[in-house]
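**Student:** Please read through the structure below; I'll follow up with questions.
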Amino acid sequence: MKVGYRIMLLICAFFLMRPLPVLGQDKVYDGEQVLLSWSDDSSHSQTITWHSAFQKAGYVQYNESGRPLSDRFQVKARLTKVEKTGYCRYEAVIKGLSQKTTYDYRIGDGTRWSKVRNFTTAPAADQNTAAFDAEDPIEFLYFGDVQYQDRYGDYKTWGKLAEDIRRRHPGIAFALSGGDMVNSGRKMKEWELFLESAEAVFSFIPLMPAIGNHEISAKAAKAASYLQLMALPENGPQGLEEEFYSFDYANCHITVMNSCFFEESRKAAEADRWEEQLEQINRWLEEDLTQSRAKWKILVMHHPAYGISDGDPIYNEIRQQWEPIFESGKVNLVFCGHQHLYMRTKEMGGITYIMGNSGKRRSTYFDGENVPDYIEAIDATNSNYQIVKASEKELSVTSYDEEGQIIDKWTKGGKDVPWLLAGAAGIFIMHILGISAFLALKKKRAVSLY
């Protein structure tokens, strides 16, 4: 009894000796997994989303860079609870901003605040300024599948790659993702790992993604968690907003499609409505492309129209249903993913198709020899990313491996000369050794087939 009494005294003494917290002492807000995107005009608005475990009211304070932050320029965030996971996401939209201007911002609960970050609005889409000259083009990032092999290790590696990309290319204004950012769209832990890895870069530049097959649920083929986590333009077909959307950045019009709409499970889940919805999507896509007066039209979707393999019926559906609209709408460039390698086609119907793969998974579709005639460059060895530059005269894509080495270049407009990485000698070697052996010899380069 005496021993128990002494233990109780020691416990009480321990807590009494601890310093009492001072009200307001902790002024650092716990908001994390901060992500920028656009749900409105890229020239005059900015959307900011984040997570906080305490689920109190959330705010964003903002001002032109270098000016003080206060409640004079403050927006209240909307709180969304993601399905039945217990995870919540804040979303704040700042409107009425000046075009081509850098703003500081911080998130908080009205008392505690995060560190200060910044973002820069887009040049007005219809403005012919020096930003559109060949000497000073706009610049942005595309990355394909992030999907991991080793969940914890690969997200950490991908996060470092994202930081390296921004360090190597400090001029990138935003990023496009081809989907498959997670392995299972229903597992909140995977989303948290992705968002944590993305925060260091994409709390400064907006991320605009497409839905991949790993974002959707197997039964309904819908990306429920994705649609609650991401804040995107709601200008798509009615009832399919944020699955399909478009936006303008300077002289580029970018259309994002959900190719998972062609999944058999989606057809089954939608039953009689599916064909009606497809017609609605096709009408929207045609109007979206034909009404745009942008110099360059770029499209993003997860599945390829043309890939290294043609075994999935979705590829043919895309070619039958959407490719004619791409061509009539004068799309210049289509980005995709899904097959876990880098690949670029020749121009077909005025369109070049580029596949990227930023994660650690490697293709099971490519055996080293099965290269279709329409492919001009391929790299199945390296994680990669694409830097896009657009001026009034030229649209270009430079593809890099994870170490920052160039693996391929493509240009449309201006002096359009193919970039022959292998050269004549490389092509000769390729014929002698075969593509599989040539890939091994050229580990850090894409094979140029022309």
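The values are calculated or read from the model by the stated rules, or taken from the named source; none is laboratory data. All of these numbers come straight from a predicted model, not from anything done at the bench. Note that each Cβ is placed from the backbone with ideal geometry, even for glycine, and that neighbours are counted across all protein chains shown.
**Student:** Identify, from the list Arg72, Arg18, Arg6, the residue that is of a type in the set (Lys, Arg) and at pLDDT 85 or above.
**Tutor:** So the residue among Arg72, Arg18, Arg6 that is of a type in the set (Lys, Arg) and at pLDDT 85 or above is Arg72.
**Student:** For segment 343-394, name all the residues that are basic (Lys, Arg) and over 22 Å from Asp150 (Cβ atoms).
**Tutor:** Arg344, Lys346, Lys389, Lys393
**Student:** Check Leu232, Leu176, Leu227, Leu195 and return the single one that is assigned to a helix (DSSP H, G or I), surrounded by 19 or more Cβ atoms within 10 Å (Cβ to Cβ) and either in contact (Cβ under 8 Å) with a residue 12 or more places away in the chain or of a type in the set (Val, Ile, Thr) (or both).
**Tutor:** It is Leu195.
**Student:** Which residue is surrounded by the fewest Cβ atoms within 10 Å (Cβ to Cβ), if the candidates are limited to segment 351-380 and must be among the hydroxyl-bearing types (Ser, Thr, Tyr) and out of contact with any Lys or Arg (no Cβ under 8 Å at 6 or more places or on another chain)?
**Tutor:** Top of the filtered list is Thr364.
**Student:** Turning to a different aspect of this structure: For segment 333-350, how many residues are closer than 20 Å to Cys252 by Cβ and surrounded by fewer than 21 Cβ atoms within 10 Å (Cβ to Cβ)?
**Tutor:** Looking only at that region, the number is 3.
**Student:** Filter segment 207-255 for residues that are under 23 Å from Tyr315 (Cα atoms) and acidic (Asp, Glu) and give the result.
**Tutor:** Across segment 207-255, the qualifying residues are Glu215, Glu241, Glu242, Glu243.
**Student:** Return the residue satisfying two criteria in turn: it lies in segment 238-275 and is outside any loop (DSSP other than H, G, I, E, B) and of a type in the set (Gly, Ala, Ser), and of such residues it is surrounded by the fewest Cβ atoms within 10 Å (Cβ to Cβ).
**Tutor:** Ala268
**Student:** Identify, please: which residue in segment 246-283 is among the aromatic types (Phe, Trp, Tyr) and more than 15 Å from Gly212 (Cα to Cα) and is, among those, farthest from the chain's Cα centre (by Cα)?
**Tutor:** Trp274
**Student:** Every residue in segment 133-172 that is of a type outside the set (Val, Ile, Thr), within 25 Å of Asp248 (Cα to Cα) and surrounded by 19 or more Cβ atoms within 10 Å (Cβ to Cβ), please.
**Tutor:** Listed by number, the residues that qualify are Pro137, Phe140, Leu141, Tyr142, Phe143, Gly144, Asp145, Ala162.
**Student:** Just one of Leu299, Leu278, Leu289 is of a type in the set (A, V, I, L, M) and either part of a strand (DSSP E or B) or free of Cβ contacts under 8 Å to residues at least 40 places away in the same chain (or both); which is it?
**Tutor:** Leu299
**Student:** OK, next. Looking only at segment 75-101, filter to residues that are assigned to a loop (DSSP other than H, G, I, E, B) and within 17 Å of Ser225 (Cβ to Cβ); which one of those is modelled with the highest pLDDT?
**Tutor:** Per the criteria, the residue is Tyr87.
**Student:** Of all the residues that make up segment 189-207, how many are farther than 15 Å from Arg167 by Cα and of a type in the set (A, V, I, L, M)?
**Tutor:** Total satisfying the criteria: 3.
**Student:** While we're looking at this one, here's another question. Please tell me if Ile165 is part of a helix (DSSP H, G or I), modelled with pLDDT of 90 or more and closer than 18 Å to Asn357 by Cβ.
**Tutor:** Yes.
**Student:** Residues that are among the hydrophobic types (A, V, I, L, M, F, W, C) and more than 24 Å from Tyr226 (Cβ to Cβ): does segment 32-53 have at least one?
**Tutor:** Within segment 32-53, not a single residue is among the hydrophobic types (A, V, I, L, M, F, W, C) and more than 24 Å from Tyr226 (Cβ to Cβ).
**Student:** Considering segment 159-182 alone, what residues qualify as being closer than 21 Å to His303 by Cα and in contact with a helix residue (DSSP H, G or I) (Cβ under 6 Å, 6 or more places away or on another chain)?
**Tutor:** Met181, Val182
**Student:** So which strands (runs of 3 or more DSSP E) stay within segment 321-436 end to end and still have 3 or more residues that are outside the structural domain of Tyr249 (by TED's automatic domain parsing) and either at pLDDT below 95 or in contact with a Pro (Cβ under 6 Å, 6 or more places away or on another chain) (or both)?
**Tutor:** The strands (runs of 3 or more DSSP E) meeting that bar number zero.
**Student:** Related question: Just to be sure I understand the filter: pairs with C-beta atoms under 7 Å, separated by 6 or more residues or on different chains, first member in segment 240-252 and under 16 Å from Met301 (Cα atoms), second member of a type in the set (A, V, I, L, M, F, W, C) and in a loop (DSSP other than H, G, I, E, B). Which pairs pass?
**Tutor:** Hits for this filter: Glu242/Met230; Glu242/Leu232; Glu243/Ile211; Phe244/Met257; Tyr245/Leu232; Phe247/Trp38.
**Student:** Output yes when any residue across segment 284-293 is assigned by TED's automatic domain parsing to the domain that holds Pro137 and more than 25 Å from the chain's Cα centre (by Cα), and no when none is.
**Tutor:** No, segment 284-293 contains no residue that is assigned by TED's automatic domain parsing to the domain that holds Pro137 and more than 25 Å from the chain's Cα centre (by Cα).
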